[in-house]
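> Dropping a structure here in structure tokens format, bear with me for questions.
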Amino acid sequence: MSRICKKKPAVCTDEPLSNSSMCQKMALLRNILSTAYGPTGHVLTTSTSTALLKRVDMSEPLLKMISTAAQHHTARYSDSGLFMGILMLRLIENTQKYNLRTAAATKVYKHIVEECNTYLKGDSCGCKVPVDFTIFDSLIALAHSMITSKPACMLNSKETQHISSLIAQAFLYSTPCNSSGVTCFGRTVTIGIEGQSVSDSSVFPGLLVDVPEMLQTVDLKRLGSGPFKVVVFNVSLSGDISDLEDVVLEIHRGVDPEHDLLQQLLKLGEQVVKDKVRLFACQKVVHPILHHYLRKHGVAVIERLGLALIEPFVQITGAQAVASLYSSVPAEAYGIVKGFCFQSYGSRVVLQLLPSKDAAVSTMVLCHRNETMLEELKMTCQRAEHVLRLTLREPYALFGGGCTETLLATHINHMVFYSTELNIPLNCISTVLFLMAVEAFCNSLQSVALSLEHDGQDCLIDLTYAHRWVPDIYSKTCGCCLVEDRSNLEKTLLNTAYHTFSPVSLENTDNQPRILDSFSAKLNALNVAVEMANFVLDVKYIIKDIN
């Protein structure tokens, strides 16, 4: 008999942010995120916020909530997860540092972020640039910025440029063109190869599948030129009774079920041959006799396609996956493939299926030296392509390299002191408290820009354009590489006192920022960071069940 233990009462913690242990844990989480932030982050396995946060064990409910919010943002926008986490935690810390009343601080933060939204979405925004999808270099620049921000990919400059170009190619392959009505994005299938050079990575239009047994070059020549009719099955065609799964069979004396099943398979083969099918695909196994019959009649057979490739295969061919072998294949289930040919990458030879019509499917083959680096590279490439897709909806990018943060903070400060647009009366908030909350907000933004540098290196801000700089004799441009240094460009240390000014927009220049951030991702990250910081600041009690 098991022992019956008395249920323990729930533990109630009041004012959790007044607990020094909680504050230390929040500071530790911010340090972890800051360590992985930027191209010079000190990471060994991953610099992706989702992977990083999943591996950090958190026992505190508030920390779990912060982590979950960052992961949900990254799942939707694929970028700016670390930015969001650092900004959120800095806002909480600065509210305590400046000894601000929680209710007042949250009101001011909400008001400021609304003004930030208006500024960033407006035509006068000084840290936003349009993305021209007709210029390939614009896509490469955005992809390049995402790759360089993930140092755990372990790429040199040449490899980074190569991978950035491949991401832009894959994005273009997956974007439908000349299609009317409702259009959907295509798909990029990613294949990883461990132990080969990154320079061997490439992108192929269409779908790459393993070469079917006994398929030779002469077989493809015998088929002639496409297009070819295709059929695909997502059930086993092995002829094995055990593959029928959860069914009850009633077998009469003298009946051989496996023989009857084989006859049904051959009947199916006769139909597809009669319907002039030239490519027969199956998610699982095809019976050897059916395989031989189809090949004898000039039909190429692909078996063991796998669950992961069924959906892109259906998308590229327009076929409908057939789920039964006991009924004839309906005419509408057949698809079309433009053609197929052998391709080689590294030491592997595969069969390339070329899409028909507007089927926007491509295959990205990524190579790297070991498994850890390869997984990080795959994740980064998939997220970078997703960011490019988001940019189609809002075709803008923000200055990268910390320049958006410094410029936005400077803009807010200037509006507060020299304009009546931002400094509107808020109920029960004094002018002094309002200005302190604004300073805490701007300081938090600039602290994110400071997090890009590690080992205690200083960061500067110029007092003309409000861009971020690193005191490096070899660096002649700002963080986003738009502004060039000159002798009369005055600078000062970030997060130190300097006179308030309105950032000047750079005009009459052919320079373009080379470090960019996703507009959609960063804008959402800014809003979620402020919303979550306000929520955490408002928490008065935590009730925790310890049973």
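> Out of all DSSP beta bridges in segment 207-358, what portion is antiparallel? Express it as a percent rounded to 5.
Around 60 percent antiparallel, to the nearest 5.
> What distance in nm lies between label points placed 7 Å from Cα along the C-beta direction at Lys64 and Tyr474?
Reported label-point gap for Lys64 and Tyr474 is 4.6 nm.
> In the calculated pair distance distribution of segment 207-358, what percentage of Cα-Cα distances lie above 20 Å?
Everything past 20 Å amounts to 48 percent.
> Additional query: Can you give the angle from 0 to 90° between the axis of helix 431-450 and the longest principal axis of the chain, with both taken from C-alpha atoms, to the nearest 10?
50
> So how tilted is helix 61-77 from the main axis of the chain? Cα-based, degrees 0 to 90, rounded to 10.
Helix 61-77 and the main axis of the chain meet at about 60 degrees.
> So if we plug the beta-carbon distance of Leu266 and Ser344 into 1/(1 + (r/R0)^6) with R0 = 45 Å, what FRET efficiency do we get, rounded to 0.05?
Once the sixth-power term is evaluated, E becomes 0.80.
> Going down the list Lys276/Lys357; Lys54/Lys158; Lys267/Lys357, which pairs span over 26 Å between their C-alpha atoms?
Beyond 26 Å: Lys54/Lys158; Lys267/Lys357.
> I've got another one for you. Mind listing the long-range amide H neighbours of Ala397? Cut-off is under 5 Å, sequence gap 5 or more, other chains count too, H placed in the peptide plane at 1.01 Å from N.
Val129, Val131
> Averaged per residue, what accessible area in Å² does the chain show with a 1.4 Å probe, protein chains only?
49
> Can I ask one more? What are the equivalent ellipsoid semi-axes of the chain, built from the alpha-carbon gyration tensor (square roots of five times its eigenvalues), in whole angstrom, biggest first?
For the chain, the ellipsoid semi-axes come out as 55, 31, 20 Å.
> Then there is this: Lysines near Lys7 by alpha-carbon distance under 24 Å, same-chain residues fewer than 8 away left out - which ones?
Lys544
> Oh, and also: At a threshold of 8 angstrom on Cα-Cα distance, excluding pairs fewer than six apart, so keeping six or more, what relative contact order does segment 207-358 reach in percent?
Computed over segment 207-358, the figure is 36 percent.
> Of all DSSP beta bridges in the chain, what percent run antiparallel (nearest 5)?
Bridges in the chain that DSSP calls antiparallel: roughly 65 percent.
> On to the next question. Give the separation of the Cα centroids, segment 499-547 to segment 335-379, in Å.
Taking the Cα centre of segment 335-379 as reference, the centre of segment 499-547 is 37 Å away.
> Over the chain, what is the relative contact order in whole percent, taking alpha-carbon pairs under 8 Å and six or more residues apart?
For the chain, the relative contact order is 26 percent.
> Rounded to the nearest 500 deg cm²/dmol, what is the calculated helix-only ellipticity per residue at 222 nm for the chain, with -39500 (n - 2.57) per DSSP H run of length n ≥ 4?
About -14000 deg cm²/dmol.
> Separate question: Got a sec? What order do Glu115, Glu15 fall in by accessible area at 1.4 Å, biggest, i.e. largest, first?
Accessible-area ranking of Glu115, Glu15, largest first: Glu15, Glu115.
> OK, next. With a 1.4 Å probe and all protein chains left in place, how much of the accessible area of the chain comes from carbon and sulfur atoms, in whole percent?
52
> Moving to a separate point now. With a Förster radius of 25 Å, plug the Cβ-Cβ distance of Tyr541 and Lys110 into 1/(1 + (r/R0)^6) and report the FRET value to the nearest 0.05.
0.65
> Further question on the same structure: Using Cα positions and a limit of under 22 Å, work out the lysines in reach of Lys274, with same-chain residues fewer than 8 apart set aside.
Lys221, Lys229, Lys296, Lys338
> Between Ala308 and Val432, how high is the FRET efficiency from 1/(1 + (r/R0)^6) when r is the Cβ-Cβ distance and R₀ = 60 Å? Nearest 0.05.
It comes out at approximately 0.50.
> Right, here's the next one. Ranking request for peptides 54-65, 219-230: highest mean number of other beta-carbon atoms within 10 Å first, then the rest in descending order.
Order by mean packing, descending: 219-230, 54-65.
> Which GluC sites (Glu not before Pro) does segment 468-547 hold that lie in a coil by DSSP with at most 12 other beta carbons within 10 Å?
Sparse-neighbourhood loop GluC sites (Glu not before Pro): Glu490, Glu507.
> List every residue whose amide H lies under 5 Å from the amide H of Cys459, counting only residues 5 or more places away in sequence or on a different chain, with H placed 1.01 Å from N in the peptide plane.
Those lying under 5 Å, H to H, from Cys459 are Leu494.
> Also: Setting aside same-chain residues fewer than 8 positions from Lys284, which aspartates and glutamates have a Cα under 17 Å from its Cα?
Asp210, Glu213, Asp240, Asp243, Glu245, Glu303, Glu311
> Taking the chain as the reference, fit the longest principal axis to its C-alpha atoms, fit the long axis of helix 136-148 to the helix C-alpha atoms, and give the angle between the two in degrees, 0 to 90, nearest 10.
70
The values are calculated or read from the model by the stated rules, or taken from the named source; none is laboratory data. Every value quoted in this text rests on a predicted model; they were computed, and no experiment measured them. Here the Cβ is made from the backbone with ideal geometry for all residues, glycine too, and neighbour counts use every protein chain on show. Areas reflect the complete protein model, heavy atoms only, side chains present, ligands, DNA and RNA absent. Shrake-Rupley method; radii C 1.70, N 1.55, O 1.52, S 1.80 Å.
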